[in-house]
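My questions all concern the structure below.
The values are calculated or read from the model by the stated rules, or taken from the named source; none is laboratory data. Quantities reported herein were computed from a predicted structural model and do not represent experimental measurements. Remember, those area values only see protein heavy atoms, side chains included, never the ligands or the DNA or RNA. Shrake-Rupley method; radii C 1.70, N 1.55, O 1.52, S 1.80 Å.
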Amino acid sequence: STFWFTLRLTKQRGREKSASKKDTPLRNRRLLLLDEMPLSRLALRHIFEAWEISVTELDNKQSFLSLLSAQESWDLAVIGLSRSDLNTQVFSTIMQKVRNYNVPLIALANSVDRNELRSLFQQGAQVSLPKSIRRQTLYREICRLLLSPGEFKPFYPEDEGTVIPFQPARAVDKGDNRFKVLVVDDNRINRKLAST
């Protein structure tokens, strides 16, 4: 099936604070990033570099393990796992070797399944999160791993308790409270569940 839709949204002002003006306690930390998916790796690199983390990125497991075992002091290792990595137990193979290097490791998986994420944690990841995780959550988890409680500095408005009210793009006509929703799924049961 091919379908599309258009959303007309207004930008919420004040949502983003300038990262360049904020001091980050993660400045100059050294991170080793492994992700075989180029776009995913690029997106992660941009996130980490916004926090002034020094990132070394790799696209293959052998280079990752080789650099991790070298006499370099890494503050953190991050592994991006694809769906096929999860299915073929790639992570457990990597973790058997990573345990010897005493480097905190975050696993970012192409999954939101709690059992799969828990399994990564049980195999040795200090943190296991879905790749679709919010930046704020990832930032807090990295700070929790690398910093003492006194060093933590909020980087986002949400961390400071700032509440930004939601502003709808357009007013909804109160007279018509019926909305039309398109539910798309190739499974009849899922369609029924969503409709219910």
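Can you give the accessible area of S119, probe radius 1.4 Å, in Å² rounded to 10?
40
Carbon and sulfur atoms: what percent of the 1.4 Å accessible area of region 39-158 do they account for? Let's see the in-between values first.
Working: 2980 of 6170 Å².
On region 39-158, the fraction of accessible area on carbon and sulfur atoms equals 48 percent.
Let me check something: with ligands and nucleic acids excluded, how do I189, I47, I133, I79 order by accessible area (1.4 Å probe), largest to smallest?
So, going from the largest accessible area down, we get I189, I133, I47, I79.
Right, next: Take K131, K192 and sort them by solvent-accessible surface of the protein heavy atoms, 1.4 Å probe, largest at the top.
From most accessible down to least: K192, K131.
Taking the solvent-accessible surface of protein heavy atoms with a 1.4 Å probe, what is the per residue accessible area of region 1-142 in Å²?
61
If you don't mind, there's one more thing I want to ask. On the principal axes of its Cα set, how long, how wide and how thick is region 36-105? Give whole Å, largest value first.
32, 30, 17
To the nearest 10 square angstrom, how much accessible area does Y101 have with a 1.4 angstrom probe?
In the full protein context, Y101 sits at about 70 Å².
Per-residue accessible area for D23 at 1.4 Å probe radius, Å² rounded to 10?
70
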